[in-house]
Structures are given as C-alpha cells and as structure tokens.
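Only one structure is covered here, and it is reproduced in the block below.
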Amino acid sequence: MSPWFRQHRFALGAALSTVGKAPGSFLFNVLVVAFALMLPFAGITLLDNVRPLSEQLSVDPEISVFMRLEATREDASALQPRIRTILAAGGKANAANLEFVPREKALAAMKDRSGLGEVIDTLGDNPLPDSFRMRLDGSDAAARVDAIVEQLRALPGVDVVQVDSAWVKRLAAMLAILRLVLLLLAVTLGIVVIAVVFNTIRLQVLTQKEEIAVSKLLGATDNFIHRPFYYTGALLGLCAGAVALGAVALALLPLNESIAQFARLYASEFQLAPLGGLETAGVLAISAGLGLIGAMLSVQRHLARVR
C-alpha cells in the first residue's frame, strides 16, 4: 500500500502546486461553482429544519362537529349515540375518541386563550354552539375521513363539520413538492458544476500539453498523469461547497432575526440552524464528487487529443 499512498500524495501535491501557480483563477472558479451550489444547499438547510416539525405534527384526521345554535342539550345527547355508531363502523378506537364539548366549556376556553374575556362578556348570550370532537386512528384514516364527514353532515341538528387536520396534509403535500423541486434544481445545478469543472480542467490540460507529452515519452502511465487533474477537480468542488455552506450559514443570521419576531407571536422559539456535522460532510462529499466527475470527463476527453 505504500507505493499507492506515495503516488496519491504526489498527485495531491501536484494539484496543490497547480492551484498555487494561479490562485486567482482557481478562486474565481470556486466562486462560480459556489454560486451554483448555494441555492440547493439553502434548500437542503430549510428542509432539514422543517423536517422535525413536520414529523411532530399529527396526521390523524381530527373532526369537529358543531351543532346549530337553536339545538338543545337534549338534541346533542340524542345525537351522540348516532355519531358513535358512525365512528364505530371505522373501528372501536375511533368511537372511543369521541368527546362532547358543551358550549359553556368552549366559551371558557376561548376566554382563557384569547385574553378577551371582558370583550366576550359584553356579548351577552353565549355565541358558541355545543360541539363534538373526534380523532380517527389507523393507517387508512385519511382515506375514510371523507365518507365519515358526509355521514356526519347528514345528521339532524348539525350545522358545520370541520376537518381540523386538513392543513397538515396540505403541508405534507407542499413539502413533497418542495423536495421534488429541490431535487430537479440540484440535478440541473449539478450539471452546471460539472460543466464549469470540465472547462477548468480542459484549460489546465491544454496549458500543460507539452509537459504531459514529455511525461508520456519518459514512460508515465495514464493514471500517473490523470491523478493530479482529478485532485484539482475534487479540490475545486470541495472548496466551492465549503464557500456555499458558509454563505448559507451567514445568510441565516439576518433571516433568523425576522423569524424570531414572527415566532414570538405564536409563543415559539423556532430558528433556522445550519446543517449538522453529518449533513455538512455529506454535502461536501457531494460537491467534491461533482468536481471529480467533471475532471474525469474532461481528462478522458482532452488527454486523448494530446496523445
């Protein structure tokens, strides 16, 4: 293994020497690639922060059934067994999740949560109706919720039937679309990164054409000639990925100030955090891999012409 390590150490040194000869050109290429990587890296950071929140949200459909204002407590009591029958058709656990909420309890909860108790007292009569709350369990709950809602709406004395977790499904659908858009964007910009590295290595090959020809005459193998260019491409991708991650992390600082003000309105301390160590290593490896792919394609194409 010692000759193998020695060869790669020499190739890495040759790549660093090439970078040192033209640092301005290398830095410019790093910035170009970093701009291409910045947008997908920002999307990955956003999804990484939103994913724990989406996993905590309950996707079990929650249904609220509101009675008409003129309905009496006896009407609500007579309706409760029929609601249990509808829920029991979907499973015993569903029937057990039924809760009756008297209008007095709903009004007291509104006063506590809104802080507008004095304003609500000026209304005189209680404007809230009696209601029922229920949660559907099971893997097929989302598929059955529409049929159950239609049956509940047909019951006498029912005014409104509301599916409270519909927004959770919309959020999940939006996240799925965002992941797909991010994937397409990452693929497109990945091709841009490969193209930039391809052109950079092509210029290096043309610049060192005579040196490569002499090395071939002295018996240098193709792998010996190729490795420095491979390391140069990988270094370009790695440095560009680090710059892109740093730019995204810096952009989070002013963005978190605005997010903190918005989150306080909902009694939350949510903030966007940079990628963790494992995620950072993963995206850096991807960016280095893109640089390596671009270098391999360029070397295999243009060194054949040199020969």
Apart from one, (1) more than 24 Å from the chain's Cα centre (by Cα); (2) open to solvent by 60 Å² or more (accessible area, probe 1.4 Å); (3) more than 17 Å from VAL192 (Cα to Cα) all hold for HIS226; the odd one out is (2)
Output the number of the condition that ALA89 fails; it satisfies all remaining conditions of (1) farther than 18 Å from GLN151 by Cβ; (2) modelled with pLDDT under 75.
(1)
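Restricting the search to segment 107-120, which residues are among the charged types (D, E, K, R) and at pLDDT 60 or above? Explain how you work it out, then say what you get.
Restricting attention to segment 107-120, the residues satisfying the condition of being among the charged types (D, E, K, R) are 111-113, 118.
Within segment 107-120, LYS111, ASP112, ARG113 meet the criteria.
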How many residues, within segment 1-34, are open to solvent by less than 50 Å² (accessible area, probe 1.4 Å), of a type in the set (S, T, N, Q) and free of Cβ contacts under 8 Å to residues at least 40 places away in the same chain?
0
Go over the candidates LEU128, LEU152 one by one and state the one that is in a loop (DSSP other than H, G, I, E, B), at negative phi and modelled with pLDDT of 75 or more.
LEU128
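Check whether at least one residue in segment 56-77 is modelled with pLDDT under 75, among the polar types (S, T, N, Q) and under 30 Å from the mean Cα position of the chain (by Cα), and report yes or no.
Step one: list which residues in segment 56-77 are modelled with pLDDT under 75, which gives 56-61.
Then keep just the ones that are among the polar types (S, T, N, Q); that gives 56, 58.
Adding the requirement that they be under 30 Å from the mean Cα position of the chain (by Cα) leaves 56, 58.
Yes.
The values are calculated or read from the model by the stated rules, or taken from the named source; none is laboratory data. Since we're looking at a predicted model, the values are computed, not measured. Cβ coordinates were reconstructed from backbone atoms using ideal geometry, including for glycine residues, and neighbour counts include every protein chain displayed. With ligands, DNA and RNA removed, areas are computed over all heavy atoms of the protein, side chains included. Shrake-Rupley method; radii C 1.70, N 1.55, O 1.52, S 1.80 Å.
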